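Values in this text are rule-based calculations from the coordinates and carry no lab data. What you see is a predicted model; the values in this text were computed from it and never measured. So basically every Cβ, Gly included, is an ideal-geometry build from the backbone, and we count neighbours across all protein chains shown.
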Amino acid sequence: MRTRKAPEERKQEIFAVAEQLFIERGYAVTTVADIARAAGVAKSTFFYYFATKDDLLADIGRHWAQEFAARYRKLEQGKDAVAHLRTFMRIFEGDDPLDQLFDQLIAEHQYRLMETIWQAMREETMDPLLTGILQQGVQEGSMRLAGDMASVVHFFWCLYDAIYPTEEMDALHDDEQMQRYLALGHGLMEQMLGLPQGTLQDSALEAG
């Protein structure tokens, strides 16, 4: 007898199965039929929740961003803006299954699709969180932004784009090289936010 599950539970199962298939097999070659079969549902059930495979991928990104926000809010209460920023960066720089999914999209040269998903995640969740932190820092007097808020938020993410190479570039750099990238990127962030040198370096992030 088929088990009846709550709609949100069923949707989460499809999420999890699809994400794993995208990582293991690749996004382009994984079909809706593959996802439905692996999730143990009919194709019609898939289309009840998602209009297309691209819509499912976008929802995976939104779900990750919402989980990120929940983790951040659980840790950020009662702290000053600098501590909030360290927490935000520490969570963002941590290992996450979404990194593997984005690596797979890069390997398949799905750049436009990945950028569309990331922009939606930024606009709906990541940018509002970061903007709130920076506004708090300005109000507290701990941060002096090098430009208007929108520009600073934009270049904050540009620095992360520069720090983390594509999968092809990643093969050319060892862990020590990546640590140098991070140190340089964090230093530039400190300058952009008017923070003392060393505020956002690895040891400070771990302590935050």
Relative to the longest principal axis of the C-alpha atoms of the chain, give the angle of the C-alpha long axis of helix 7-25, reported between 0 and 90° and rounded to the nearest 10°. 80
Short version: ³J(HN,Hα) in whole Hz for each residue of region 147-159, in order, from phi by Karplus 6.51 cos²θ - 1.76 cosθ + 1.60 (θ = phi - 60°), x for Gly and Pro, what are they? x, 5, 4, 4, 5, 5, 4, 4, 6, 4, 6, 4, 5
In percent, how large is the relative contact order of region 1-50, given Cα pairs closer than 8 Å and 6 or more residues apart? 33
Test of understanding: in a Gaussian network model of the chain with alpha carbons linked when under 10 Å, which of Asp161, Asp55, Asp148 would top the mean-square fluctuation ranking? Asp148
To the nearest 10 degrees, the tilt of helix 97-107 (Cα long axis) against the first principal axis of the alpha carbons of the chain is 80
Gyration tensor on Cα atoms of region 1-50, a ≥ b ≥ c root eigenvalues, a/c under 1.5 rounded, else prolate if a/b beats b/c, else oblate, says prolate
Working from Cα positions, state the angle (0 to 90°, nearest 10) between the long axis of helix 81-93 and the longest principal axis of the chain. 40
Output the relative contact order of the chain, whole-number percent, from Cα pairs under 8 angstrom with separation of 6+ residues. 20
Note down the net charge around Arg25, summing +1 for each Lys or Arg and -1 for each Asp or Glu among other residues with Cβ under 15 Å from its Cβ. -3
Give, in whole angstrom and from largest to smallest, the semi-axes √(5λ) of the equivalent ellipsoid of the chain, with λ running over the eigenvalues of the Cα gyration tensor. 35, 20, 14
